[in-house]
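Values in this text are rule-based calculations from the coordinates and carry no lab data. As the structure is a computational prediction, the values presented were derived from the model and not from experiment. Here the Cβ positions follow ideal geometry from the backbone for every residue, glycine too, while neighbour counts run over all protein chains shown.
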Amino acid sequence: MEFDDLFGLEEKIIRHGEKIMSLDSPQGTMWKDEYATLLKHYEKMYKQLTRLIKINDRQQSKLSQANTILEKHSKYDELTGICNRRMFNEMYEREWRRCIRYKQTMSILIFDIDHFKQVNDEYGHQAGDEILKITAKKIDKVARRVGDLAARYGGEEFILLLPDTEKMGAFKMAEEIRKDISKIRFPYEDKTIGITISAGLAFMVPDMGNDPEKLIRRSDDALYMAKRTGRNRVCIFEDIRMEGADHAG
């Protein structure tokens with residue numbers, strides 16, 4: 001029985017009791033006083049029950065709000081508002097299995113803001129925080145499809161999960177982000193700050209024999225190459241591997 005139905009029934013019982021008490025009946029004089037006392041106790045108990053249920057409803061509402069906030073903090077980066085590393089790991093594992101099942105190519109992009117420590121040292125951490133927020137929004141904007149996921153990976157690093165995405169599609173996304181970031185002038189107090197971003201790209205068709213971490217390591221290696229060769233560029237792991245083979249030859 002729902003609480004509203006219960007309250008309605010309780011009200012009817014109390015009103016019925018009051019009606020009986022109002023009747024003048026010779027047969028009722030013997031138990032009228034006792035019935036009046038019971039009815040008074042019943043009304044008191046009913047009011048207490050109502051109050052307890054209202055308190056419980058408020059507590060449940062507060063608990064629900066707290067759980068929502070806790071869930072948000074556990075999956076989203078507090079500063080930038082995009083997904084955090086934990087959320088990325090959960091989605092990555094799920095999308096990896098899906099790409100195995102359907103034999104689809106998965107691409108990973110890892111981004112790093114160039115000379116970010118220098119920005120913090122020169123302009124302060126508040127400026128650095130604003131740059132992180134705007135950069136996160138730019139990266140998150142290209143994650144349009146179901147399964148795509150942008151996340152803050154740590155510090156000034158961001159990662160973009162692109163299931164069912166071939167190399168050139170992922171490269172175009174990375175270049176779009178890189179160019180957009182390089183054009184922005186971040187307003188801060190009476191100054192404007194210009195930054196650039198580097199990216200590493202790796203892709204593969206996952207299978208049961210692959211370690212999921214391998215694809216992320218490859219993306220990280222490509223990012224390292226982008227930083228080492230001048231920054232403000234996108235490097236592809238496949239190109240690194242080919243370059244290494246040329247040098248070996």
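Quick notes on this structure:
- The phi torsions of the range 197-206, fed into the Karplus equation with coefficients 6.51, -1.76 and 1.60 and a -60° offset, translate into couplings of 9, 10, 9, x, 10, 9, 8, 6, 9, x Hz, rounded to whole numbers, with Gly and Pro shown as x.
- Cross-link table LYS117/LYS138; LYS133/LYS191; LYS54/LYS75; LYS117/LYS179; LYS75/LYS138; LYS75/LYS141, entries beyond 29 Å C-alpha to C-alpha: LYS54/LYS75
- Exposure proxy order (Cβ contacts within 10 Å, fewest to most) of VAL234, VAL205: VAL205, VAL234
- Note on the range 113-162: Cα Rg divided by 2.2 N^0.38 Å, N the number of residues, gives 1.25.
- Put in line by how crowded their Cβ is, counting other Cβ atoms within 10 Å and starting with the fewest, GLU156, GLU78 read GLU78, GLU156.
- Of the trypsin sites (Lys or Arg not before Pro) in the range 139-215, the ones in a loop by DSSP (not H, G, I, E or B) with at most 11 other beta carbons within 10 Å are ARG144, ARG145.
- The GluC sites (Glu not before Pro) of the range 186-242 that meet both conditions, a loop assignment by DSSP and at most 12 other Cβ atoms within 10 Å of the site Cβ, are GLU189.
- Sorted by Cβ density within 10 Å, fewest first, the residues THR105, THR165: THR105, THR165
- Each distinct pair of alpha carbons in the range 85-248 adds a 1/r term; the inverse of their mean, the Kirkwood radius, is 16.3 Å.
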